[in-house]
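Below: the structure, in structure tokens.
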Amino acid sequence: MLIARMTVAVLIFVACAPCVAIAQESISDLKQRIEQLEAKVQLLEKSISMLFTELDKGTASGSAGTGTSGAPKMAESTKPPVNDQSDPFRVGVTWVGDVAVKSARGTAKSKWAISISERDGTRFAGGLVIGMPDGQIVESPVSGTAPTNGDGLITLETPLIGRAKSFARGRVQNGEIALTVKGTTKLGEDVVGSATLRPKN
């Protein structure tokens with residue numbers, strides 16, 4: 001009977017020994033993972049601390065370029081005054097000159113007068129009056145871009161009215177405009193030509 005009990009005890013010990021070893025290994029692995037997580041948390045805390053330090057420095061340096069209210073200063077407008085006398089396309093100026101265009105019917109000459117009624121930076125708008133060879137007067141809105149002071153590139157165009165539209169591109173130089181003109185007539189005919197304009201006033 002004693003031998004039987006000893007045999008059972010030995011069998012139980014042999015059976016449980018691997019479980020104890022596995023439990024010890026699991027606890028050891030768990031401790032290692034906890035240590036690794038703690039190290040990562042410490043690194044993360046250091047990174048967050050450094051980030052807040054950099055943000056504080058940026059805020060301090062950025063406040064030097066603000067006004068008393070802390071708001072950034074607004075950039076000053078680069079637009080010229082509407083009635084700047086040095087602007088050749090200021091409101092009230094009228095450019096007049098001769099235009100010669102060619103079409104399938106031949107060459108035709110006319111008179112142009114462009115009056116400026118709006119100015120915004122390099123953009124302008126106004127009215128175009130065309131004196132046709134037969135005495136007919138054609139009026140149309142016109143808009144474009146031109147330098148605010150001195151020589152430079154100029155573009156202008158009229159809106160499409162029926163089938164008629166004009167587009168011109170050229171240069172302002174020495175107080176004179178030289179343009180290449182393209183467009184269509186009220187009959188839809190293609191025209192191309194040139195124009196020379198000078199300020200009337």
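The values are calculated or read from the model by the stated rules, or taken from the named source; none is laboratory data. Not measured: the values here are computed from a predicted model. As a convention, Cβ positions derive from the backbone with ideal geometry for all residues, glycine included, and neighbour counts pool all protein chains shown.
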TODO: Working only within the range 109-136, note down all residues that are closer than 18 Å to residue 165 by Cβ and touching a strand residue (DSSP E or B) at 6+ places or on another chain (Cβ under 6 Å).
DONE: 110, 112, 114, 125, 126, 127, 128, 129, 130, 132
Task: the range 116-160: number of residues that are out of contact with any Ser or Thr (no Cβ under 6 Å at 6 or more places or on another chain) and among the aliphatic types (A, V, I, L, M) - done: 9
- [ ] State yes or no: is residue 139 acidic (Asp, Glu), free of Cβ contacts under 8 Å to residues at least 40 places away in the same chain and in contact with a Leu (Cβ under 8 Å, 6 or more places away or on another chain)?
- [x] yes
Task: Residues located in the range 139-166, provided they are among the aliphatic types (A, V, I, L, M), surrounded by fewer than 17 Cβ atoms within 10 Å (Cβ to Cβ) and not in a loop (DSSP other than H, G, I, E, B) - done: 153, 161
Task: Members of the range 137-151 found to be over 17 Å from residue 179 (Cα atoms) and modelled with pLDDT of 90 or more, listed by number - done: 137, 138, 139, 140, 141, 148
TODO: Sort out which residues of the range 167-191 are loosely packed, with under 12 Cβ neighbours inside 10 Å and under 23 Å from residue 107 (Cβ atoms), and write them in order of number.
DONE: 186, 187, 188
Open item on the list: One residue is enough: does the range 43-52 have a residue meeting the conditions modelled with pLDDT under 90, over 15 Å from residue 156 (Cβ atoms) and under 32 Å from the mean Cα position of the chain (by Cα)?
Closed with: yes
